[in-house]
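Okay, structure first, notes after.
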């Protein structure tokens, strides 16, 4: 997951900007932002930065997502906001380590398993925090908007859909409401995350069949040419060998199959393992696994331009829409 809590000192907007007034027409986003700043007043400057350069059409689409998130959250909004704050503070601690050492703190999946995935009391808070970040961290929101419009919007009728790491369930929710998608399958390595996904889909009223399996995309045998669409968002950075995950998905896709990939560079987190240092490095890595890039967008941390983020090694979300290259992969 890309961190979005480090601002660029050169481009801070006015922290006194009345973003809540601007958000008034968007009831769900307004409710969320107002509650965050009530519980965590120090986050006011970040929210002012997030909603400074107002894009009405984009925020209207995200307000729809926020409405669904609030249905999922129900009467537990204060808990979710508190866990969002906890998650942000954990990210800040990792950022300090990254700035000092230029590496992520964790090096192996076993370490991440021990510290995060195998601890339900940690993983449950993490998933709740991620749901809030999906709406208020601009790179997350922009990536999700690309998924809905550019990826699902181009799905061909009868497509079989696979998602890796469904987490909060919003990606699966919109896939379930896409008429072009015939079947949906999702894999995750965390029982806590799977439970949260299933509960979220139930709360959101998803009635169609969604197959969710405890499965590691790296270790699972390839489902050879079983899917037309694959989604792996904010997952690859959690793996020791992300190339194996992409190769597994390459094998699982039918000829001409499409893939949505979102992964951050220079983005320390409590469970991040694999470090890419630039968007170019990540694009090259993606292409080496047998995919062609059809469309790419790079979203820097809120408050920074892409150039500043590259120069200062700030977090950048790399969102790629690709297609399976049908030629055989060359062994590396």
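The values are calculated or read from the model by the stated rules, or taken from the named source; none is laboratory data. Every value quoted in this text rests on a predicted model; they were computed, and no experiment measured them. Cβ: placed from backbone, ideal geometry, glycine included. Neighbour counts: every protein chain shown.
For the reader, a short list of remarks on this structure follows.
- Of all residues in the range 172-192 being within 17 Å of the chain's Cα centre (by Cα) and under 19 Å from residue 64 (Cβ atoms), the one that is surrounded by the fewest Cβ atoms within 10 Å (Cβ to Cβ): 174
- Reported count of residues in the range 38-53, each being surrounded by fewer than 19 Cβ atoms within 10 Å (Cβ to Cβ) and assigned to a helix (DSSP H, G or I), is 6.
- Single residue of 105, 125 found to be over 20 Å from residue 199 (Cβ atoms), crowded, with 16+ Cβ neighbours inside 10 Å and either in contact (Cβ under 8 Å) with a residue 24 or more places away in the chain or touching a helix residue (DSSP H, G or I) at 6+ places or on another chain (Cβ under 9 Å) (or both): 105
- Single unsatisfied condition, residue 99 versus (1) crowded, with 16+ Cβ neighbours inside 10 Å; (2) part of a helix (DSSP H, G or I): (1)
- Which listed residue is within 18 Å of residue 264 (Cβ to Cβ) and assigned to a strand (DSSP E or B), from 232, 212: 232
- Any hit, the range 214-222, residues being closer than 30 Å to residue 27 by Cβ, surrounded by fewer than 21 Cβ atoms within 10 Å (Cβ to Cβ) and either at pLDDT below 95 or more than 16 Å from the chain's Cα centre (by Cα) (or both): no
- Residue selected from the range 288-332 under the condition crowded, with 20+ Cβ neighbours inside 10 Å and on the phi > 0 side of the Ramachandran plot, by the criterion modelled with the highest pLDDT: 290
- Evaluation of residue 169 against (1) under 19 Å from residue 260 (Cα atoms); (2) surrounded by 15 or more Cβ atoms within 10 Å (Cβ to Cβ); (3) more than 18 Å from the chain's Cα centre (by Cα) (one fails), failing number: (3)
- Of the candidates 70, 47, 79, the single residue that is within 20 Å of the chain's Cα centre (by Cα), in contact (Cβ under 8 Å) with a residue 40 or more places away in the chain and within 22 Å of residue 169 (Cβ to Cβ) is 70.
- Residues that are more than 19 Å from the chain's Cα centre (by Cα) and either free of Cβ contacts under 8 Å to residues at least 12 places away in the same chain or not in a strand (DSSP E or B) (or both), drawn from the range 246-280: 247, 248, 250, 251, 252, 280
- Screening residue 202 against (1) over 30 Å from residue 300 (Cα atoms); (2) in contact with a strand residue (DSSP E or B) (Cβ under 9 Å, 6 or more places away or on another chain); (3) not in a loop (DSSP other than H, G, I, E, B) leaves a single unmet condition, (2).
- Filter result (buried (at least 16 other Cβ atoms within 10 Å of the Cβ) and within 17 Å of the chain's Cα centre (by Cα)) within the range 146-163: 146, 147, 148, 151, 152, 162, 163
- Within the range 200-213, the set of residues being under 19 Å from the mean Cα position of the chain (by Cα) and closer than 18 Å to residue 131 by Cα comprises 200, 201.
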